[in-house]
Structure formats: C-alpha cells, structure tokens
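One structure is given below, represented as structure tokens, and several questions about it will come after.
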Amino acid sequence: MESILEQQRSAHEEIERLEQAIVDQHLKNPKTHKERLTHEHRVCEFLDRISSRSHFLHNLYEDTDGARKTEIDALSGANEFSEFYARLKSVKDYHRRYPNESVEPLELEFLNQAQKEREDDGEDQTTLFSGEEGGGRFLDLNAVFERYLNLKGVRKMDYLIYLSEFDDFEGTLKSYFEDFFRRAKPLFNITDLRSTARATFEEQWREGKVIGWEKQAGAEEEMESGLFCPACEKQFTKQTVYDAHLKGKKHIKAAEVLLAKGVANPDPVVLQETRAKAVREREDKDRELAWQERLVARYAEVLGEQREDTKANVERKQALTDRERTVGFDAITGELWVRYCGLNLWKLNGTVLNEILLPSKKKKLEHEQETIDITMAESDDDDEDKIYNPLKLPLGWDGKPIPYWLYKLHGLGVEYPCEICGNYVYMGRKAFDKHFQEWRHAHGMRCLGIPNTRHFHEITMIEDAYARKLRVGG
C-alpha cells in the first residue's frame, strides 16, 4: 500500500498534468461547432477529475485519523535511517513477490491524449443529442409542446409560436434547459447563473416588481380583504371565488368538523394568527412558482441563439417542398448531400444543384452518380426488381431506402439497447425516446413490478430500475 505522502505527491502530479492538458486543449482553437463541443466536453472531464483529486487531497491534509502526522514523525525522528531502510526492504520484497507486474506511468496517459482524440473524433458527443437538436445547435421541445397542448384551458398554438411564447409547467422546461446546458454547454457555470438570478428575483419580489406577480407580491391586500375561511384555513382574493367555495363539499365538511369541536365563533386573536399563517403559506407557494418562471426565462435568455436558430430551422422545414427535400441539409456538418433511392435525382434537380453546390462537391456528386448509373444498369439486366442499397439503409414507406441525410440526421446508425425490453436494440435516439411509452417497455416494467412513470424515463437496466424504485419510495 502506498504511503500517505506518496498518495499526496501522486495527486498533486495528476492535478498539474490535468491543468496542462486543459491549456493544450485551449491552444487548439476549435473552428467548427463539433470541434468546439468536443473540446468543451474534454475540458469539463478534466475539470471534474481535478475537483475529485482536490477533494481527495483536502481529506488527506485534514488528517482526521492522524496517520499523516504519524508518518511524518516516523520520517523525521531519531531513527530516520532505520525507517528508510525498513521501507526500502518493504519495496524490494514487494517487487520480489510480483516481478512481472506492469506499471504504467501517469505521463503516458497524457502523452497518448492526442492519439485518443483522433480515434474518438467526437463520436461520443453525437449520442448525447436527439436528431432534432442537431448536435446541440437547436432545441428539441416537441415532447414538452405535446404535453403542453394536452393541458386543459391553455391557448392552442403551433410549435413555432410556442418557441417564442413557451410556458413552463411541472418544471418540464426547467429540467430540459438544465440538461441541455450540461450537454451543449458543459463549461457554462449554471450555478453562478442561478445564484445571480435568485438574488435579482428576491430583490424584485420584496419590491413587488416581479413580472406577472405584482399583485401577489404582498400579503397586506389579502389580509385587509377579509376573504378568509376559518374552517378551511384558506385565504381568498376574490369575492366570487369565496362565495362559490362556501357551497363546496370540502368546506361543508370542514365547517361540520369545526362545529363538532364546539367552535362557533373563533377567538379573534387565534383567527388573526391562522389567517396570517395561511397568507404566508400562499405567498411562499406563489414565490416558488414565480421563481421557477423567472429562472426559465433567464435560461431562455442565455440560450437565445439556440432558440432563434431553432425557430429558423422549423420555418425552413415547414417551407420545404417535396422537390427541395430531395436536397437534404445536414444541420451538424452544414454540408449539402444528395442521395439516390433508385431514381436519377441528379438529372431531375440539376438546375437546383448547379446553383447551390460548390464545384468540388459537384464534381464528387457527378462521379458518384456515374458509378451508381453504371451499377444500376448492370443490375437491371439481371434483376429489374432488385433495389440498389449498398449502405443498407432502412426502407421507407415506398419500399425504397430512405435518403442518407435523413439516416444521419436522426442518428439511425446509433444502437440503443434496453435490458428491460429483453435486450431489444432501438436504432436512433428518436425511437429510443419513444419506446419508453410503448407496449414492449411497459410490459417489461410490469413484469418487474415497477410502475412505468416518468421517474423511470431513460432507465434501461433492470438493476438501475430497482435502485430508482427504492429511491422514489416505490
């Protein structure tokens, strides 16, 4: 076992090498969105490791058990040479027992960092986003929008308007934005943003200047209104609501219980205290709701660029015709691609392609088209019904392979296994997200005796599902 001083030395060395690795990452100056995203995730990983090792060092320097002080006293005492030779003997005995044990120096990990980066090529980050998010360029609020439309009494709107005037409910938007920050902006200090927004909100709440909550910001108006129900211990703000509440079953039952206790006319002092308590509880509830709204609005301000890009992307998709969809736009790489589903689309859309493609890209596509034409001509002689599908793309509704840009956009080449579904593999993030509400996953959860609620979303391992059930108190 390594000594405490050696553990401290090793931790300090690792922290210094991690700091140098962060400096090397910043010197690379990423140019594309994908490179920037990969760069930020690597730096975030290094920072997490620095935080972990710093916490480990802090515990060693605290020396709660006195082991570090004992070791220092042994090395600096009267018998320091005896201690030195005893430790040397222990090291020699260890290597004599394990002569072939391999030791990888810490510097090798960072020397091979460049090679690891070239091998990874940012593929790990592509699985963090859904197809609609375009690798962190856009927001994917389709699921939130669908749940919003199912609420009662909300104003109906289309998805594009919702992106401009979205409303939070059940904390769904707040959770999504915080998760999006973690995936698309891993180096963003969201804790500092939340603290600053909280301080500003508390100041505005005390002054009664919170947008949309001006009347609810103070309880004095409610205290003077007198619309307080002693039986239900509830304060009302409108006379009509108070009158309707008097006819409700809950109020009648509470009034009968109060009369059964022999309280016909409550003591004015007790009534005043109960009313003040009800007002405080309501104000606390309103303050929390107002805070959630302001926090979501603050998140939306920071993500303003992604929000505007999302609206532009939605408008672009809505304006596309069938012919324009033939020329696909890959939102991640920004390159134009043309793929063929058994038809000579180059000749059909030659005018469009001549206008928008660079000469180098056009030459590459011409070469691809010639290769496809020759191959298809040879295959037609043998079997006219055979479909040319060298990339093994999924078939569409017409029995022909879907366009390659659509295949890449939705990430259909990424596999998502689910142990709860009997190790069934879902192709693409969209199919994976959707399957949590489908029959196969629901049947698997029912066999495990676990309710298929939103608390278990993203859980695919049986062991993790049981652990989550214990945490939520199921």
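The values are calculated or read from the model by the stated rules, or taken from the named source; none is laboratory data. Since this is a predicted model, take the numbers as computed values, not measurements. For neighbour counting, all protein chains shown are included, and Cβ atoms are generated from backbone atoms with ideal geometry for every residue, glycine included. Heavy atoms of the whole protein, side chains included, go into the accessibility calculation; ligands, DNA and RNA do not. Shrake-Rupley method; radii C 1.70, N 1.55, O 1.52, S 1.80 Å.
Rounded to the nearest 0.05, what FRET efficiency do residue 424 and residue 240 have when you use their Cβ-Cβ distance and R0 = 41 Å?
Computed FRET efficiency for residue 424 and residue 240: 0.15.
With every protein chain left in place, what is the accessible area per residue of region 4-127 in square angstrom, probe 1.4 Å?
Ligands and nucleic acids excluded, the figure is 72 Å² per residue.
Are any of the pairs 156/317; 317/469; 249/285 more than 29 Å apart by Cα-Cα distance, and if so, which?
Over 29 Å Cα-Cα: 317/469.
Note the per residue figure in Å³ for the convex hull of the C-alpha positions in region 37-99.
Cα convex hull per residue, to the nearest whole number: 138 Å³.
May I pose another question? Compute the distance from the alpha-carbon center of region 13-74 to that of region 82-112, in whole Å.
Taking the Cα centre of each part, region 13-74 and region 82-112 sit 24 Å apart.
Now a separate question. Testing the spin-label approximation: label points 7 Å from Cα along Cα→Cβ at residue 48 and residue 95. State their distance in nm.
Calculated label separation equals 3.6 nm.
In addition: Collect residues whose amide H, placed 1.01 Å from N in the peptide plane, falls under 5 Å from the amide H of residue 426; neighbours closer than 5 in sequence don't count.
It is 416, 418, by chain and number.
Moving to a separate point now. Whole-Hz Karplus ³J(HN,Hα) for region 186-194, in order, using 6.51 cos²θ - 1.76 cosθ + 1.60 and θ = phi - 60°, x for Gly and Pro?
Those phi angles translate into x, 8, 6, 7, 6, 5, 5, 4, 5 Hz.
By average Cβ neighbour count within 10 Å, what is the ranking of 89-96, 136-143, 39-46 from highest down?
136-143, 39-46, 89-96
Here is a further query. Leaving out ligands and nucleic acids, and using a 1.4 Å probe, what accessible area per residue does region 404-473 come to in Å²?
With all protein chains present, region 404-473 gives 61 Å² per residue.
Using mean Cβ contacts within 10 Å as the protection proxy, how do 202-208, 171-177 order, highest first?
171-177, 202-208
Could you state the number of Å between the C-alpha centres of region 393-444 and region 140-183?
Region 140-183 and region 393-444 have Cα centres spaced 24 Å from each other.
Once neighbouring chains are kept in place and the probe is 1.4 Å, which whole percent of the accessible area of region 404-473 is contributed by carbon and sulfur?
On region 404-473, the fraction of accessible area on carbon and sulfur atoms equals 55 percent.
Multiply the residue separation of residue 29 and residue 9 by 0.36 nm, subtract the distance between their alpha-carbon atoms, and state the gained length in nm to one decimal.
Extending this stretch completely gives an extra 4.0 nm.
Moving on. Tally up the carbon and sulfur contribution to the accessible surface of region 4-127 as a whole percent, 1.4 Å probe, everything protein left in place.
52 percent
Accessible area of residue 81, 1.4 Å probe, to the nearest 10 Å²?
Result for residue 81: roughly 140 Å² accessible.
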